[in-house]
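As structure tokens, the structure follows; a few thoughts come after it.
No value in this document is a laboratory result; all are computed from the given coordinates. Given the structure is predicted, the values throughout are model-derived calculations rather than measurements. Heads up, the Cβs are rebuilt from the backbone with ideal geometry, glycines too, and the neighbour counts pull from every protein chain shown.
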């Protein structure tokens, strides 16, 4: 199959597969970790480190692989991320103990972090301005699908030691299937047209845009001229990142910090333990609650995909902040005032409302924005820093959630009250710092940033 025969749907779906692996490899450990702990006779701290080691690798992968994409291109680094997914998934499935599992998980983290930094920028650079919101949302849609598939994989393989191989090895090894698809897709996918223009390969860029803008009102030749105009204005590098692009850097770091500090991955990683330790639910019931929340997360992200090009980014973010803040506050109050038995069902419903607020807004838009706000010359390193910030905040929340839960004597109202504070603070951050990017070309967003810097320094 030749590149020019690829359909637009193929390009965007396979381009977003890094998101599916991101979700799958971070979600699969929730069901596998208790089995690994039992199989390797590990302590609680060792099991916790196996879970969080992928986050350490992710921060490193985001900074290193993401920044290299400015030099070597989005396509080559996406293929490298696929290779790391294959290696990490294979090693985790055949791990023989704590050390080998941690090494495998760190390699997986390098892949996850690299994909999280590469994919948003890649999708943003391929999309036209009218559809960039929905197409960029495909990354988060794939993340939520990956998490849901991980939960399903946990249920399918649980207590089924096929061919004499332990169930958790099948769980972790099942990640090889999407990793192979990403590798094949990476070979077939086109390079980003904006990267090609940056490197002087204008005709190649025009060919790619000709495919992507087929039957659309956008003029590929005019788009090439706009890209060339902004491309020639800036040299790139750290100086530009911390001067011209500093407002974009503040947005990327802030948006990614708040996306994690509202507590989403505490819910994704530890929801079974919340209901087992906080409400005395049996393990099977707690896992099914996770599957239900995973379905809500995925379905609402589909809704976000459908509305993303029709509503302003800031409007959706502020709406999501308020929904999360109100639902988390209500959840905390209920758990401090009602008995455990009386609070259990309302807690489930309020967590579903909270997931709705996150999945319709901060889930997809945070990743969408970091691919939009940076100038072309520093987009790779900029999205890498934003992605790394996300993984560092994720690590902090994941490491301390169970400790905070224990400090509140397993009353979930405690940690969720803290998350509620950050949800309301995120409202103020959006109102003050986040620019509106809907229906603007990437070059127009970059021009606004340059003009803002130029006027400020006259």
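A compact table of results
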quantity	calculated
Of every Cα-Cα pair in segment 64-108, the percent that sits beyond 14 Å	52 percent
Volume per residue of the C-alpha convex hull in segment 352-458, rounded to whole Å³	128 Å³
Per principal axis, descending, Cα span of the chain in whole Å	63, 50, 39
Relative contact order for the chain, counting Cα pairs under 8 Å that sit 6 or more residues apart, in percent	25 percent
Ranked 25, 70, criterion: other C-beta atoms within 10 Å, fewest first	70, 25
At 1.306 mPa s and 10 °C, Stokes diffusion of segment 135-203 via Kirkwood alpha-carbon radius, µm² per second	106 µm²/s
Column: log10 I(q)/I(0), Debye, Cα scatterers of segment 280-340, q = 0.13, 0.17, 0.19, 0.25 Å⁻¹	-0.56, -0.84, -0.94, -1.08
With 10 Å bins from 0: P(r) over segment 169-221, alpha-carbon pairs, percent	22, 32, 23, 15, 8, 0
Calculated [θ] (222 nm, deg cm²/dmol) that DSSP helices of n ≥ 4 give over the chain, each run adding -39,500 (n - 2.57)	-26500 deg cm²/dmol
Footprinting exposure proxy for 131, 409 (fewest neighbouring C-beta atoms within 10 Å first)	409, 131
Per-q log10 I(q)/I(0), segment 1-158, q = 0.18, 0.20, 0.21 Å⁻¹ (Debye; single scatterer per alpha-carbon; no solvent)	-1.05, -1.22, -1.31
Viscosity 0.890 mPa s, 25 °C: Kirkwood-radius Stokes-Einstein D of segment 265-307 over Cα pairs, µm²/s	223 µm²/s
Nitroxide proxy distance, nm - points 7 Å out along Cα→Cβ at residue 103 and residue 130	5.3 nm
Per-selection metrics, segment 286-417 (Cα): Rg and Dmax in Å	17.0, 56
Crossing angle, helix 17-27 versus the chain [Cα axis fit, 0-90 degrees, rounded to tens]	20 degrees
Segments 297-306, 190-199, 243-252, 120-129 sorted - mean Cβ within 10 Å per residue, highest first	120-129, 190-199, 243-252, 297-306
Mean projected area (nm²) of the alpha-carbon convex hull when segment 120-174 is viewed from all directions	4.6 nm²
